[in-house]
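Q: Handing you a structure now.
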Amino acid sequence: MVALLEALPTFALTALLLAIVPGQGLAMILRQCIVGGRSTALTSVIGNSTGLIIWGSASAIGLSQVFAHSPTAYNILKYAGVAYLGFLSLQTLRSLRKEYGKIDYNGTVQNGFGPAFRLGLLTNLTNAKAAVFAVAFIPQFVPKEFSLGLGIFILGWVQATISTLWYAFLISAVDRAAVILERPKVRRGLTGFSAAGILFLALTLLLTSP
């Protein structure tokens, strides 16, 4: 347990970076907050964090156990993840041609606990970054002497907590930042940062070892 605690600071910083990198989750939360209000946005954040726990639990129960005992399977996943994240980064860069880049939060808002929660959950479950992080990144932070499945499960909850805190902070600041976020240049800048962040995650995954 001590070894896992020693790995927590590095993991926490990595999880925070993943949460900070703008993407479909950020666009959804901003739309929910600016158009639907803080309560609606926070409900969607809970749904988003639940999705992280589901990804982490799925990884802990089966996927990472297979990859831990099969270097070939791990490498297939690893390079597939690197390739997809690279593609996602290029796709994000291409969206810079649009007025708002990829950070376009104009659209239908889901009000009420059920719809808002479901929107956050589905947004996360269809997020490639969340899937790659849960299956390929999280196992890297579990010490060899610690149970792999339990370690992944615990770190999955840590990631969900960090993501929730980050989005809660963001929501609290949206009222003051709303005017700035209306500017197309700002949203295109966030899109560029998102592309760079995804590419960084891809390179980090490329350099990891089973």
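Q: If we scan region 140-161, do we find a residue that is outside any helix (DSSP H, G or I), under 23 Å from residue 20 (Cα atoms), open to solvent by less than 50 Å² (accessible area, probe 1.4 Å) and modelled with pLDDT of 80 or more?
A: For region 140-161, residues outside any helix (DSSP H, G or I), under 23 Å from residue 20 (Cα atoms), open to solvent by less than 50 Å² (accessible area, probe 1.4 Å) and modelled with pLDDT of 80 or more: present.
Q: Looking at 149, 156 in this structure, which one is touching a helix residue (DSSP H, G or I) at 6+ places or on another chain (Cβ under 7 Å) and either of a type in the set (Ser, Thr, Tyr) or more than 25 Å from residue 88 (Cβ to Cβ) (or both)?
A: Criteria check complete, one pass: 149.
Q: What are the residue pairs meeting all of these: first residue in region 1-26, first residue closer than 16 Å to residue 147 by Cβ, second residue open to solvent by 80 Å² or more (accessible area, probe 1.4 Å) and not in a helix (DSSP H, G or I), Cβ atoms under 8 Å, and 6 or more apart or on different chains?
A: Short answer, once both residue conditions are applied: 3/145.
Q: For region 173-210, which residues satisfy the criterion of being more than 30 Å from residue 79 (Cα to Cα), open to solvent by 10 Å² or more (accessible area, probe 1.4 Å) and either modelled with pLDDT under 75 or not in a helix (DSSP H, G or I) (or both)?
A: If the condition is that a residue be more than 30 Å from residue 79 (Cα to Cα), open to solvent by 10 Å² or more (accessible area, probe 1.4 Å) and either modelled with pLDDT under 75 or not in a helix (DSSP H, G or I) (or both), then 175, 176, 177, 178, 179, 180, 181, 182, 183, 184, 186 are the ones that fit.
The values are calculated or read from the model by the stated rules, or taken from the named source; none is laboratory data. Please read all numbers here as calculations on a predicted model, not as lab measurements. Cβ atoms come from the backbone with ideal geometry, glycine included; neighbour counts cover every protein chain shown. The protein model used for the area step is the full one, side chains on, heavy atoms only, and it has no ligands, DNA or RNA in it. Shrake-Rupley method; radii C 1.70, N 1.55, O 1.52, S 1.80 Å.
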